[in-house]
Amino acid sequence: MTETAVQPIVGGQLESGWDPVGAMTFKMTGLGYMGSFCSGTLIAPQWVMTAGHCLYSSADLPIFPGLVNFYVGPNANSVMPAQPPPEGTLHASDRFYVHPGYNPKWGGDDIALMHLSQPVEGVKPIPHNTVPFAKSMLGKKILYVGFGASNGIQQSGSGVKRSGHMSMYTYDAKTYVSWYADSGVCFGDSGGPGLFDYDGLYRAIGVNSSVFSQSGDPCKGGAVQTRVDAYAAWIEKTMATAAPS
């Protein structure tokens, strides 16, 4: 998670389900498929929710819709250099919508939407959460699915879908903090969802934003997630009134 590396979930298990959670993949003109760099969630047939820092374009790292695809499958790694993975499907993007409040210097409002050129067929989207948090959620387990690193120190194992649980530690108006408990999010899980079970219906309540730790492993500590309910109005307005970015 964070912008420092492109890495699955530390301590997590291999995941073949949760098809709406995919990898954000990159290709370069003349160089071909470059693999995954973030995770994302299909919240509507043509809409992927991810982190603002995953789609933010700068002079140092320009990124454009034509370069980014949404990968649906269990392993986003290529077998042959510059070639897409043999399993799964790639879905082209045509528009980015980074939240207007996102600032890379301090990282607030770290949420974005990516519009796909065509609807994803055969995959049921995960609903984004619109329900305000309750204190009863503190200490509850949140399910995380992503394509980030399985080893935070070596920054290895990226591109493979894994899942694991973290507990909600605290929250404020726009973010919440999850804490490592045998598994934790890591580099490349950025943009992926925190999934909470509301009476049998999982909703995406968070978007992975950053990690912090006082130990030697950056991915065995706390993780900051953007609260989806705090941005529900922006998400719905953007999807309803989308225009080219």
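Structure values in brief
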| quantity | calculated |
| --- | --- |
| Protection proxy ranking of 41-54, 168-181 - average other beta-carbon atoms within 10 Å, highest first | 41-54, 168-181 |
| D (Stokes-Einstein, µm²/s), Kirkwood Cα radius, the chain, 1.306 mPa s at 10 °C | 91 µm²/s |
| Added length on full extension, which subtracts the Cα-Cα distance from 0.36 nm per residue, residue 118 to residue 140 | 4.3 nm |
| Over 30 Å between alpha carbons, listed pairs 124/237; 105/237; 27/174; 140/174 | 27/174 |
| Sorted by Cβ density within 10 Å, fewest first, the residues 115, 128 | 115, 128 |
| 5 Å-binned pair-distance histogram of region 46-142 (Cα, whole percent) | 2, 11, 16, 18, 19, 15, 11, 6, 2, 0 |
| Stretchable slack from residue 198 to residue 58, in nm (0.36 nm times residue separation minus alpha-carbon distance) | 46.6 nm |
| Sequence-distant residues sharing a close amide H with residue 189 (under 5 Å, placed H) | 7, 148, 149 |
| Qualifying trypsin sites (Lys or Arg not before Pro) for region 107-173 [loop in DSSP, other Cβ within 10 Å: at most 14] | 140 |
| Volume per residue of the C-alpha convex hull in region 135-230, rounded to whole Å³ | 86 Å³ |
| Percent RCO, i.e. relative contact order, over region 76-185, from Cα pairs under 8 Å lying at least 6 residues apart | 17 percent |
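Values quoted throughout were computed directly from the atomic coordinates according to the rules given, and no laboratory measurement underlies them. This is a predicted model, so every value here is computed, not measured. Backbone-built Cβ (ideal geometry, glycine too); neighbour counts: all protein chains shown.
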